[in-house]
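Written below as structure tokens is the structure these notes are about.
Quick note: the coordinates plus some simple rules give every number you see, no bench work behind them. Only a predicted model underlies this, so the values are computations on that prediction, with no experimental measurement involved. Note that each Cβ is placed from the backbone with ideal geometry, even for glycine, and that neighbours are counted across all protein chains shown.
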Amino acid sequence: MSPFALTRTLPADATAAALRADVATGLTRTPKELPPKWFYDARGSALFDEITRLPEYYPTRAEREIIIARADEIAAATRARTLVELGSGSSDKTRHLIRALASLDHYVPVDVSESALTGAAEGLLADHPELTVHALVADFQYGLHLPATPAPRLLAFLGGTIGNLRPQERSAFFAAVRAELAPGDALLLGTDLVKDERTLVRAYDDAAGVTAAFNKNVLTVINRELEADFDPEDFDHVALWDPRQEWIEMRLRARGALVAKVPALDLAVNFAAGEELRTEISAKFREAGVRAELAAAGLETTHWWTDEEGRFALSLSVP
Ligand code: AVJ
């Protein structure tokens, strides 16, 4: 049996088609908007890695602290044989979990980035030769399509990426997760928590300007993939806290009036001076809200853990 398999449920050209569709609709509507998944080409993924090491960006460190402190409890509560990780990226924090899960024999990382998956799998297999790794190139917003692997299964969605979805998308996502889980399986969810505005905004507008570069990188992706002529320097990075929705919004604000051409779509995009393009929402949560959203999908939260400072939460839920 081969210890490593890679399956694409996302045809190589589906990514290109989805980007074209998102740019065509998102840049011709008011207000302009693009989904955050287009940040993550090789450069964007590297910039995000850099973000996770910034002094202002606490979520990664807070979540790692919880995983390290609670890995044995998670292992005891789940006795998982399969770990499915959605949006696995570099699988960095997962290593602590894998080390603790003595019963684990299958790891299924799911990501839109094939390079992130193969890179992460190499390191993991070197450390855990007993593990069968079935990597999945997929966009879980179009359904989960998980391979049949041994139960019990633990489905992990870490990093607070759930916050990139709007409330309606979240409930659809939780329902899809619930449909994948049988009795004995569990969901491990990472959620960033509501806190003071200053801390939140600084996490998305760091002094070194890495998040600004990450935000502007989406324009570079569109330039390369759709032959567009955006100048990232024509835009300012904006991060603001919406206290009513309880989410951070990242935007790109045009410094002056401009027109960008997108030849692949036969499109010219007009920006008025000061006009903003919304590139990401990152919702922050409260315990009662997370429990209620999961309960609405038929998932009962059995464990709720936070870091010492109460900045971030990891929860375990069962069908
Ligand atoms: C990877 C989605 C969890 O929303 O905090 C980091 C992405 N955006 N800085 C987040 C991000 C700006 C990050 N997630």
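Observations
- The helix-based estimate of mean residue ellipticity at 222 nm for the chain, built from -39,500 (n - 2.57) per DSSP H run of four or more residues and divided by its residue count, is -11500 deg cm²/dmol to the nearest 500.
- Amide H contacts under 5 Å for PHE285: ASP192, LEU193, VAL194, restricted to partners 5 or more places along the chain or on a different chain, H placed in the peptide plane at 1.01 Å from N.
- Qualifying GluC sites (Glu not before Pro) in the stretch 116-173, DSSP loop, other Cβ atoms within 10 Å at most 14: GLU130
- For the stretch 164-227, the normalised intensity computed at q = 0.15 Å⁻¹ comes to -0.82 (log10 of I(q)/I(0), Debye sum over alpha carbons, equal scatterers, no solvent).
- Kyte-Doolittle mean at least 0.0 and Cα axial length at least 15 Å: DSSP H helices in the chain: 12-26, 114-127, 210-226
- Per-pair calculated FRET efficiency, R0 = 22 Å: ASN223 and ALA272 via Cβ, rounded to 0.05: 0.55
- Debye log10 I(q)/I(0) for the stretch 1-106, one point scatterer per Cα, at q = 0.21, 0.23 Å⁻¹: -1.16, -1.23
- Counting only lysines at least 8 places from LYS93 when in the same chain, those with an alpha carbon closer than 30 Å to its own are LYS37, LYS195, LYS216, LYS284.
- Dimensionless Rg/Rh of the chain - Kirkwood Rh, Rg from C-alpha atoms: 0.97
- Computed about the Cα centre, the dipole magnitude for the chain is approximately 480 debye when only Lys and Arg (+1) and Asp and Glu (-1) carry charge, each at its Cβ.
- Mean separation of Cα contacts under 8 Å, 6 or more apart, over the residue count of the chain: relative contact order %: 21 percent
- Dipole magnitude for the stretch 117-273: about 400 debye, using +1 per Lys or Arg Cβ and -1 per Asp or Glu Cβ, origin at the Cα centre.
- When the chain is described by a simple charge dipole with +1 on each Lys and Arg Cβ and -1 on each Asp and Glu Cβ, the residue from LEU187, ALA14, PHE214 located farthest towards its positive end is LEU187.
- Longest exposed-site-free window of the chain, the sites being trypsin sites (Lys or Arg not before Pro) in a DSSP loop that have at most 11 other C-beta atoms within 10 Å: 54-243
- Inter-probe distance in nm under a simple model that places probes 7 Å from Cα toward Cβ, at ASP49 and GLU130: 2.9 nm
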